[in-house]
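Below is one structure; the comments refer to it alone.
The values are calculated or read from the model by the stated rules, or taken from the named source; none is laboratory data. Remember, it's a predicted structure, so these values are computed and weren't measured experimentally. Neighbour counts run over all protein chains shown; Cβ positions are idealised from the backbone, glycine included. In case anyone asks, the SASA skips ligands and DNA or RNA and just uses the protein heavy atoms, side chains included. Shrake-Rupley method; radii C 1.70, N 1.55, O 1.52, S 1.80 Å.
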Amino acid sequence: MTFPKSDVVWMNGKLVPWDDATIHVGSHVIHYGSSVFEGIRCYATPMGPAVFRLDAHNERLFGSAKIYRMDVPYSETELRQAILDTVAANKQDACYIRPVIYRGYEQLGVNPFPCPVDVFIMTWDWGRYLGEDALEAGVDACVSTWNRIAPNTMPSMAKSSANYANAQLVKMEAVVSGYAEGIALDVEGHVSEGSAQNVFLVKKDTLITPPLVSSVLPGITRDTALELGRKLGLSVREERVPREALYLADEVFFTGTAAEITPVRSIDKITIGSGKRGPVTERLQKAFFDVIECRVPDEHGWLTFVREAGAATAGAARSTSAG
Ligand code: PMP
């Protein structure tokens, strides 16, 4: 599939035509992976396009920039509004949103400080990340021979593009071996996460997911699944997971902005549970899409309606908490 172009890209405060949204090959980010970013989804709802958990994503973006000592030339309120303006300018009902904060063009040496901190925001149409039928049929995954980045090498709490060198190795190995996804273990051999998803196990009425110390990204869908799980009366635990617990789980699923809540039907060719979407995964998916598709009240304030947000005045409407 070729890239589905949108009309405009927001670059350093201006909306520029898609084809003109370019950067110089001498930009620091090209050479040293010096950028942090977000992946956010905007859903079509009966009340128009709505961005899911915008404030939590924005907070994580600024957190990633802080870890990498980037002085972002825009406030959180300004970037939040810029995201909404970009979706509105592209007249999209549903899209994937990608804000990127990166070290630009000035000098080339590992030291990034002389380079400007630049920002762009792209939006584009993106369907189901792991395939159209993945949400129902589930996917086949493998445990990767690549470990997830060690905690004292690169910070996994930062959504830095550099982390995705590791993620690409995990993903490519899975793909060439015929799997949809790879699950990486942390450097101690405990389950960490998929190349771009957090992983959950279901054992009876308990949801289990690896803790942040297992080198996982603090996923916003992960947080959403934990919250919805509690509301469904499940017990939820963040704890270290041995590899073999994956095989013995009743159900396993991935969470991610792109992957949403995707069942995993086999790992390393070992069937998980019944080999199809399990009842707890299905209940969680339903609770998730009920919020997104506005079938239940949005009691957490997870949706930001693009039309309501209007032109560049709305500012940070709801709470800025990541919870
Ligand atoms: N882990 C990694 C490495 C990811 O890239 C992603 C996708 N952003 C996730 C987990 C899931 O995070 P979220 O639910 O915030 O999209």
(message) Ignoring everything except DSSP H segments at least 4 long, calculate the 222 nm mean residue ellipticity for the chain; use -39,500 (n - 2.57) per segment, divide by total residues, nearest 500.
(response) -8000 deg cm²/dmol
(request) Provide the per-residue ³J(HN,Hα) series for the range 223-233, in order, calculated from phi with Karplus coefficients 6.51, -1.76, 1.60 and θ = phi - 60°, each as a whole number of Hz, with x at glycine and proline positions. (result) 4, 5, 5, 5, 5, 5, x, 4, 5, 7, x
(request) Any chance you could give the angle, 0 to 90 degrees and rounded to 10, that helix 163-176 forms with the longest Cα principal axis of the chain? (result) 50 degrees
(request) Sort LYS204, LYS14, LYS159 from largest to smallest accessible area, using a 1.4 Å probe on the heavy atoms of the protein chains. (result) LYS204, LYS14, LYS159
(message) Beyond a 27 Å Cα-Cα separation, which of these cross-linked pairs lie in this structure: LYS204/LYS231; LYS14/LYS66; LYS5/LYS66?
(response) LYS5/LYS66
(request) Calculate how steeply helix 279-292 sits against the longest principal axis of the alpha-carbon atoms of the chain, using the helix alpha-carbon long axis, and give the answer as 0 to 90 degrees to the nearest 10. (result) 20 degrees
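Do you know the relative contact order of the range 134-292, to the nearest whole percent, from alpha carbon pairs under 8 angstrom that are 6+ apart?
Numbers: 339 pairs, mean separation 42.0, N = 159.
Rounded, it is 26 percent for the range 134-292.
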(message) Nearest 10 degrees is fine. How inclined is helix 76-89 to the longest principal axis of the chain, computing both from alpha carbons?
(response) 90 degrees
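Convex hull over the Cα atoms of the chain, averaged projected area in nm²?
On the way: hull surface 63.5 nm².
If you wrap the Cα atoms of the chain in a convex hull and average its projections, you get 15.9 nm².
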(request) Compute the relative contact order of the chain as a whole-number percentage, counting only Cα pairs closer than 8 Å that sit 6 or more residues apart in sequence. (result) 22 percent
(message) Can you compute the radius of gyration and Dmax for the range 134-292, using only the Cα atoms, both in Å?
(response) 14.2, 40
(request) Determine the distance separating the Cα centre of the range 198-244 from the Cα centre of the range 45-122; give it in Å without decimals. (result) 27 Å
(request) Measure off 7 Å from each Cα along the Cα-to-Cβ vector at GLU106 and ASP290, then give the distance between these two points in nanometres to one decimal. (result) 5.1 nm
(request) Please say if the range 13-73 is rounded, prolate or oblate, where rounded means a/c under 1.5 for a ≥ b ≥ c the square roots of the C-alpha gyration tensor eigenvalues, and otherwise the choice is prolate for a/b larger than b/c and oblate otherwise? (result) oblate
(request) Using a 1.4 angstrom probe, figure out how much accessible area the chain has per residue, in square angstrom, rounded to the nearest whole. (result) 45 Å²
